[in-house]
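Only one structure is covered here, and it is reproduced in the block below.
The values are calculated or read from the model by the stated rules, or taken from the named source; none is laboratory data. What you are looking at is a predicted structure, and each value in this text was computed from that prediction instead of being measured. Every residue, glycine among them, receives a Cβ derived from its backbone with ideal geometry; neighbour counts consider all protein chains shown. All accessible areas refer to the heavy atoms of the entire protein, side chains included, with ligands and DNA or RNA removed. Shrake-Rupley method; radii C 1.70, N 1.55, O 1.52, S 1.80 Å.
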Amino acid sequence: MKKAIYIMCMCIFALSMLSGCGGEFAEKMALGKDTSKMTAGTASGQAVSGQAIHEDEKPAYVKAYMEFLLNADIEPDHDFPIQGYYLLDLNFDNVPELGVLHHSGGSMGGYFTYYYFDGTGIKALLDERGEQARVSNYTQVLADFEQKKVYLLKEMYLLQGNANGTYGYVKEIKSEDQCLRVYDVLDLEVDQERDYTDGKFKDHECEDGFLSDADLEECLVTRRYIQKKWVGISSDEYLKQKRELIPEKNSFIELREGAVNYPGEDNDDSDISDDFPRDLKMEEKEIEQIFKRYANSLKN
């Protein structure tokens, strides 16, 4: 009888120890604690909210981005000053990519450069020629969650007074061998050798209207990127291929809309003015805050 009671007590003690370990591990997971078995991908979905992140609790990608943002000289030869930072997922793995907004301070707009965590450090998003990709801030970043594709759509929205309105494109962001790249698909621009200032475009307010007007074909240069070279196509073919990739009515998500960003959640890059002549920098506390907000956004 005594032996049976002793065995029962030992079983209860063992169960209590197991439940205690399980609770501790669950707590570590909830805080995003870096255990020896975790990978960058699994760390991405762990929640961080309402408290400071201790160094050993940060996922590997957060540590890497923090080191990059605090110490790297980001694009020292850039044209426009850095005016904002965005976190958005460009490859559906819940680990954010970093968008760095360079802005002119006026209607000329600016451009984004992007960075990603490759499992060991932060790398610049390149195009297929190996050069750092620049993406106009007038570009839509469209995610097709069904097909797991991300397109960059820049439409030719106007033709007077601003160079941003004289070109458009479709590009695709692809992930291959843990490398993110921007690949050219379609390219559209006004033929600068033609006189397009005589009102030929006045009846149209959108790119689709320009492309579907046969009288305007002579004023446009439209191309498709095939086997690493540009091939000329008709305006109708450009529009057809654009709409095959990105239907006019679609369920794609514009990733920049509502993206976690600094200096603020509601920051609109169209409101940036010349009051920001120098690069905008983030301190450690601000970097921690933006990643907390990103982790919380994964729950919604």
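Could you state the accessible area per residue of region 197-258 in Å², with a 1.4 Å probe and every protein chain left in place?
Values: 4010 Å² over 62 residues.
Per residue, region 197-258 has 65 Å² of solvent-accessible surface.
Compute the accessible area per residue over region 87-126, keeping the other protein chains in place, probe 1.4 Å, unit Å².
Details: 1110 Å² over 40 residues.
Using a 1.4 Å probe on heavy atoms only, each residue of region 87-126 averages 28 Å².
Quick one: pull the percent of accessible area on region 191-254 belonging to carbon and sulfur, 1.4 Å probe, ligands and nucleic acids left out. Intermediate results must be reported in sequence, preceding the final value.
On the way: 1870 of 4290 Å².
Carbon and sulfur atoms account for 44 percent of the accessible area of region 191-254.
Cβ neighbours within 10 Å, averaged per peptide: list 106-112, 91-97, 244-250, 173-179 in order, most packed at the top. Can you show the working numbers first?
Values: 106-112: 16.9, 91-97: 19.3, 244-250: 10.9, 173-179: 12.9.
So the peptides 106-112, 91-97, 244-250, 173-179, ranked by packing, come out 91-97, 106-112, 173-179, 244-250.
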